[in-house]
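Here's the structure, in structure tokens; my notes come after.
The values are calculated or read from the model by the stated rules, or taken from the named source; none is laboratory data. Just so it is clear, the structure is predicted and the values come from calculations on it, not from any experiment. Glycine gets a Cβ as well: all are built from the backbone with ideal geometry, and neighbour counts include every protein chain shown. Remember, those area values only see protein heavy atoms, side chains included, never the ligands or the DNA or RNA. Shrake-Rupley method; radii C 1.70, N 1.55, O 1.52, S 1.80 Å.
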Amino acid sequence: VDQRAIEIRQELNNTALFGESSTSISGTFPVTPANSGDNRTMAGIIQFLTDAGGAAAGATYDSTAEAVTLKILNNMHYASAILGGNPTTLLMGGKQARAVNGFGADQIRVVPDSRYRQGWTTVYRTDTGKVLYYLTDFNMSLGAEGTLALIDETRLALRHVEDAAFFTIVAPTFTDGDSARVIGEWSMECRNAIGTLAGHSIHTALTVPS
């Protein structure tokens, strides 16, 4: 049971990060233009944010090949903030987290935080005074180690399809006993990834530290 629970959590985590929609979600979402900032598809965070618009240095989607710096973090927040967004969480893989933590005590602090199991988190203060919280997701190391996203956690959610939350099916086996399968259908909700309010930003071409 413990192993299956770990596998389910990793599957949901990977869906939230790497899920891809079968249709393009660039420009306005395919459902209705009037509701283009709040729809659910099988896309994940990376696709939602990279499809948000044309890539440009310092924009909410930056694909400039470069190493992570304080200026990049500041620009990511600024690009969203001037459009009305309020992202507060830096989402990154393990190697990028090590690089960011190397900036030194003048830029980062470790503070108590009840949202996380260990009770502590690292924060970074931008040059405009906004404090950003770190969230290291090691699943990003499985193909997105060069990606760093700045997200508004209040506008992201995994939601199960109606009548399709987790359930089990018992399947026959060729040995004694039964074999249970855990099944669920989930969708990623990303509000204001595009449109007049760009609630998030992403950089997809950062140098991967050794």
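Just one of the numbered conditions (1) in contact with a His (Cβ under 9 Å, 6 or more places away or on another chain); (2) modelled with pLDDT of 90 or more is not true of Ala67: (1).
Within the range 78-96, one or more residues are closer than 20 Å to Glu189 by Cβ and β-branched (Val, Ile, Thr). For the range 139-154, the set of residues classified as over 15 Å from Ala99 (Cβ atoms), of a type in the set (A, V, I, L, M, F, W, C) and modelled with pLDDT under 90 consists of Leu142 only. Each residue in the range 89-122 was checked for being buried (at least 16 other Cβ atoms within 10 Å of the Cβ) and at pLDDT 85 or above, and 10 pass. Take the residues in the range 126-183 that are assigned to a loop (DSSP other than H, G, I, E, B), among the aliphatic types (A, V, I, L, M) and open to solvent by less than 30 Å² (accessible area, probe 1.4 Å), then tell me which one is farthest from Thr64 (Cα to Cα). Top of the filtered list is Ala164.
Considering only residues in the range 52-83 that are in a strand (DSSP E or B) and more than 20 Å from Gly104 (Cα to Cα), the one that is least open to solvent (accessible area, probe 1.4 Å) turns out to be Asp62. Checked against (1) open to solvent by 50 Å² or more (accessible area, probe 1.4 Å); (2) at pLDDT 85 or above; (3) more than 21 Å from Ala157 (Cβ to Cβ); (4) in a loop (DSSP other than H, G, I, E, B), Asn86 meets all criteria but (3).
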